[in-house]
Amino acid sequence: MLYEKKEFTVDYGGKEVTLETGRLAKQTDGCVLVTCGGTQVLVTVCSAKEAADGQDFFPLLVDYKEKYYAGGKFLGGYMKREGRPSTAEILLMRMIDRPFRPMFPAGYYNETIIMAQVISYDPDNNPEILAGCGAAAALRISDVPFDASAGFCKVGYKDGNYLLNPSAAELENSELDMIVAAKDDAILMVEGEAHELSEEVMLGAINFAHENIKKFCAVLDKMKAEVGKPTREYTTVTPPSSIIDAVKNNYRDDARKCIAINDKMERNAAVSALVKKVAEDMKADPAKFTLDETANFKKLAYTGVDDLMYDMMRTDILAEERRIGGRGLTEIREIMTEKNVLKRAHGSALFTRGETQVMGVATLGGKEGDQMQDSLGGLNYDKFYLHYTFAPFCVGEARGYRGVGRREIGHGNLAERALKNIIQADENFPYTIRVNCEVLESNGSSSMGSVCSGSMALMDAGVPMKGPVAGIAMGLIKDGDNYKILSDILGDEDHLGDMDFKVAGTADGITAIQMDIKIAGLTEDILKSAMTQAKEGRLHILGEMAKTISTSNTGTKDHAPKIETIKIDPDKIGALIGPGGKNIKATQETYKVTVEVTEDGTVKVLGAGSEADIAGAIANIDLSINGPKIGTDYDSVVVTIKEYGAFVDIAPGVSGLLHVSEIADERVKDVNEYLSEGDKVTVNVLDVDRFGKVKLSAKASKNGPLKKKDGK
């Protein structure tokens, strides 16, 4: 037989999910085809047989690709082949990567690639959870050293009830959109957004997800037993314990001095100097460290010092509750805030917390600013989005900025999710809103600094919001059953700790949550303690922000664009636009505004000039759609001269006849003696007949009858 197909099924959120293996991509280390309804995701795992020479980290790469043929679609635009991943695809790659990375054994540095491809798609079954579950299944049945069953699920919340793997339609009315990854005995990853839900509801959602994931893990255990490959033999890439012991025994006092330094740049410089010192000592006396003369002394010195710092920092916290620089476990670093820091931006703010500083900038505009998102689900246009930039200078690195990376996309998405459900933009505030968060300094949770600065910038721009939003990053140091939770972690505490748990929200509840872990999983008690401590920190930060701004400004800034909205009969949209867009272009050029029209007859007039220009444009649109009003004066332009009068335009697409008898008090023998094509003249509407013909008079206007051009 060319292949031996095997299928496993599980009821997951009321839908049957099938995991198939043995038929496709048989040369991989593990392959699973996940099917739910008409959506199918092919997931493969391949891992190198040995680590590359000199490899000192685990090179795991997760790739996710939506094939447009899956939904019977062509790509939009010029390029018709799938190319660079979209933002949504990158976010899903990160989501799958984060829970799996810490589950591989220490010292396993073989390059490993997880690839998930959507090869069939129906709108009722979202592929993202299938991709995560497929990756867990492919790893479980492979020979890669990944000896655990794990799963993903999405949780919604409506009317007090939790929803497992809700559909896109169900999520539209859900107060929660959260993805959880877990194994049977611990939580691995959490990420999502909420409509100001309490810590109790969020913790309940995580527990609800975990209970359901356990059922999926049981299916993976069955797959492993029936079709799983024996785990491969591999060589652990770790430095000899003798080197680690030598560094710990001889340089502890030097490391203690480094940890005592509060300033990040000074501490980094001290650590670099210590690494250099250890490397020089290794080179001078290799035998002392059980090394030969060909060893990479600098690399081994860094590894030894990093391990020593890891051990000391964790011991200080667990045994003495003493953090780097002497800060308490729940103590938040000093916070400084400013608003209106940029002269011409529509809204701006600066948030500084310790050595982390983020400048938030809000920009308001019309639909030309909408962000188009093309996916298998169709085209979407985002009216609010946030861009996060982490340039190398913010951590003192002399390195060029090469464009946005996956990390920046992920951090920006988290900040965006924290803010978007709090913005109350509607027909009374019909702007497209962009927020830029520029990280100027970084030492711990610049993404949460972006939430704070972004929230303040939006309020400074006059964007209506339910309330200010703040975020905080929590850390964890755990050794067996002993653990300590840290509020407002530093970069070093993130690097040397076991968890990066970020929570954002208002005073009334959580709006976004994300958890990254570096250990095999978290218990419910740890999560509960972390969320309680995070709430206390969030409320403190909100209090500091309120010293600068606590509610949105009334109105937008003078230099921000102004928008007025009117409604017209959809049947009259064509008349507004005119042939080839002639009428709407004329209105825009005359009044220096932008006119946007939607299919339901909503007309937005946007301008950065005076309010009089917008009012004039709206009056012009009303005239174009509803026609002139009898007895009203209008400024017009002479278009054509005839022997019996002149035809004039009083609005784009609206013209009338100025008869010779209505030009002057005296008898007009030659219209050319009074008017020329292109002349501007004020006219009054005498009558509009049942056929829409407009009769005009110069004599009846406020400027009165015309005079001959020669003045005679």
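State all residues of the range 682-705 that are touching a Ser or Thr at 6+ places or on another chain (Cβ under 6 Å) and either outside any strand (DSSP E or B) or of a type in the set (A, V, I, L, M, F, W, C) (or both); if no residue qualifies, say none. If the condition is that a residue be touching a Ser or Thr at 6+ places or on another chain (Cβ under 6 Å) and either outside any strand (DSSP E or B) or of a type in the set (A, V, I, L, M, F, W, C) (or both), then Val683, Val685, Leu686, Ser701, Asn703 are the ones that fit. For the range 465-487, filtered to residues that are of a type in the set (Val, Ile, Thr) and in a strand (DSSP E or B), the residue that is surrounded by the most Cβ atoms within 10 Å (Cβ to Cβ) is Ile472.
Can you tell me which residue is surrounded by the fewest Cβ atoms within 10 Å (Cβ to Cβ) among those in the range 684-712 that are acidic (Asp, Glu) and farther than 16 Å from Ala664 by Cβ?
Applying the filter and picking the extreme gives Asp689.
Screening Asp571 with (1) surrounded by fewer than 19 Cβ atoms within 10 Å (Cβ to Cβ); (2) touching a residue at least 12 places away in the same chain (Cβ under 8 Å); (3) over 28 Å from His210 (Cα atoms) gives one miss only, at (2).
Looking across the range 224-278, the residues that are in a loop (DSSP other than H, G, I, E, B) and closer than 30 Å to Lys6 by Cα come down to Gly228, Lys229, Pro230, Thr231, Arg232, Glu233, Tyr234. Residue check: Ala362 meets all listed conditions (1) farther than 30 Å from Thr39 by Cα; (2) assigned to a strand (DSSP E or B); (3) modelled with pLDDT under 90 but one, namely (3). Suppose we filter the range 360-384 for residues that are over 22 Å from Lys562 (Cβ atoms) and touching a Ser or Thr at 6+ places or on another chain (Cβ under 6 Å); how many remain? Qualifying residue count, the range 360-384: 1.
Taken over the range 3-34, residues that are surrounded by 21 or more Cβ atoms within 10 Å (Cβ to Cβ) and of a type in the set (Ser, Thr, Tyr) amount to 2. Exactly one residue out of Asp494, Asp500 is part of a helix (DSSP H, G or I) and at pLDDT below 95: that is Asp494.
Anything in the range 284-314 that is of a type in the set (Ser, Thr, Tyr) and surrounded by fewer than 16 Cβ atoms within 10 Å (Cβ to Cβ)? List them, or say none.
Thr290, Thr294, Tyr310
Against the test of being small (Gly, Ala, Ser), in contact (Cβ under 8 Å) with a residue 24 or more places away in the chain and surrounded by fewer than 17 Cβ atoms within 10 Å (Cβ to Cβ), the options Gly107, Gly134 yield a single qualifying residue, Gly107. Residues that are within 19 Å of Ile513 (Cα to Cα), assigned by TED's automatic domain parsing to the domain that holds Gly30 and crowded, with 18+ Cβ neighbours inside 10 Å: does the range 141-149 have at least one? No, the range 141-149 has no match at all.
Yes/no per residue for (1) of a type in the set (D, E, K, R); (2) outside any strand (DSSP E or B); (3) over 28 Å from Pro240 (Cβ atoms):
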residue	(1), (2), (3)
Asp97	yes, yes, yes
Arg101	yes, yes, no
Ile113	no, no, yes
Leu130	no, yes, yes
Ala135	no, yes, yes
Val144	no, yes, no
Gly151	no, no, yes
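Does at least one position in the range 264-284 carry a residue that is out of contact with any helix residue (DSSP H, G or I) (no Cβ under 9 Å at 6 or more places or on another chain) and within 25 Å of Asp479 (Cα to Cα)? So far as the range 264-284 goes, no, none of its residues is out of contact with any helix residue (DSSP H, G or I) (no Cβ under 9 Å at 6 or more places or on another chain) and within 25 Å of Asp479 (Cα to Cα). Scanning the range 336-360 for residues that are touching a helix residue (DSSP H, G or I) at 6+ places or on another chain (Cβ under 6 Å) and either surrounded by fewer than 21 Cβ atoms within 10 Å (Cβ to Cβ) or more than 13 Å from Met448 (Cα to Cα) (or both) returns Thr337, Lys339, Asn340, Gly347, Ser348, Ala349, Glu355. Here Arg256 passes the criteria (1) assigned by TED's automatic domain parsing to the domain that holds Lys299; (2) surrounded by 15 or more Cβ atoms within 10 Å (Cβ to Cβ) except the one numbered (2).
From the list Val62, Val43, the lone residue that is in the same structural domain as Lys154 (by TED's automatic domain parsing), closer than 17 Å to Cys133 by Cβ, in contact with a Gly (Cβ under 8 Å, 6 or more places away or on another chain) and surrounded by 19 or more Cβ atoms within 10 Å (Cβ to Cβ) is Val43.
The values are calculated or read from the model by the stated rules, or taken from the named source; none is laboratory data. For clarity, every value in this text was computed on a predicted model and none was experimentally measured. Cβ: placed from backbone, ideal geometry, glycine included. Neighbour counts: every protein chain shown.
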